[in-house]
Every structure is written in C-alpha cells, then in structure tokens.
Amino acid sequence: MGLDLSGHPRTRLLPIPATRLRGCRTVNAVDRPLVSVIIPVHNTGRYLGDSLRSVLAQGYRPIEVIVVDDGSTDDSAKVATSFSEVVCHRQAHQGVPGARNAGIGLSRGDFIAFQDADDLWHPNKLSIQIEWLLEHPTTGYVAAHFRNFLEAGVPRPVWVGEEQLANDQ
C-alpha cells in the first residue's frame, strides 16, 4: 500500500530545497500557515526524542506535531507523550504508508511535512520551505539534500557511499 494523497487538500511535502540552504531567512508573513509534521514510528523510541527535539527547535511556527505509533513494542509512545507539544496516535502495525495516512487524517495544517523517527532537521528547515512554497504557489512539494550519519561502531551500509556521510561528527 502506498501513500494515498489523492483528493486530500493538504498534499505539500516539505524537505529542504537545496537552492535555499545558504542564506537561511524566515517567512515574514503575519498569518503563517499551520504546518502538520507527521512522524511515523515503529520501535525506534531510542531515536525519537532527538528527532522530536529537532522538530520542536524549528524557528517556524505554527506547527502541530503528530507521532503515529505504528504498533511499537518499545517505549516509542512513552517518548512521544513525554513532549507536551506532541499528539501521539497509537494504531496496530500497518507500515509507514499506513502510519503516514493516519497522520494526514489527523492533521489540521495547510502544509504537511514528513519526518522519520530517526532523522534530525536543520533548525531553519520549515522556514526555508514555507517561504519557498509561498513564493512559488504552483509548486506542489519541495525535496531536499540530506546527510547520512552513523552511530559509533556501526559499519557503513554498502548502499551508502563514503561521500554521502556527514563529516562533522
């Protein structure tokens, strides 16, 4: 089952536009659109706290943060509910597409941003993206460059090239 966005009024996806990474500036609109951040999680509670802190450190507001606990057996839901700003929805395991669709169904935002439970965001990510999308209203979504990093002692997967790893650890 894939991510079903057909007929949904809020279908803008928000990874960082690579052309805007330098010169990060924020949206100066008085009425800023609400961004719904959807984070599917399945047994990745050990990463979720850092991921949520990176979302909540965004300079952009207003945001709503929805964690969809997709049948975790670890402390993922406990981590999510430890943040007062986070809504945690629990469901039986359906996989990432099912969790994202559930998050979309719960969202109220004008824009949708997907975050993985083990990812970290640059603090200006949403400001850059919302500015870009507001300046380019016919753009349906933006994509981003990213950097991979590994935990200490974890070997580099064969599908990740050495040049794809962050070197500022």
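The values are calculated or read from the model by the stated rules, or taken from the named source; none is laboratory data. Fair warning: this is a prediction, and the values are worked out from it, not measured in the lab. With ideal geometry, Cβ positions are generated from the backbone for all residues, glycine too; neighbour counts draw on all protein chains shown. The area values use the complete protein model at the heavy-atom level, side chains included, leaving out ligands, DNA and RNA. Shrake-Rupley method; radii C 1.70, N 1.55, O 1.52, S 1.80 Å.
Brief remarks follow.
- Over region 66-132, accessible surface divided per residue gives 44 Å², non-protein components excluded, 1.4 Å probe.
- Peptides 70-79, 154-163 ordered by packing proxy, namely the average of other Cβ atoms within 10 Å per residue, highest first: 70-79, 154-163.
- Taking a ≥ b ≥ c as the square roots of the eigenvalues of the Cα gyration tensor, region 92-147 is classed as oblate, since a/c reaches at least 1.5 and a/b does not exceed b/c.
- Centre separation in Å (Cα based) which lies between region 97-167 and region 45-65: 12
- With 0.36 nm allotted per residue and the present C-alpha distance subtracted, the Tyr141-Gln164 stretch has 5.9 nm of extension available.
- Förster-model FRET efficiency, 22 Å R0, Thr73 and Asp50, C-beta, rounded to 0.05: 0.60
- Label-point separation, Glu151 to Glu85 (7 Å along Cα→Cβ), nm: 2.6
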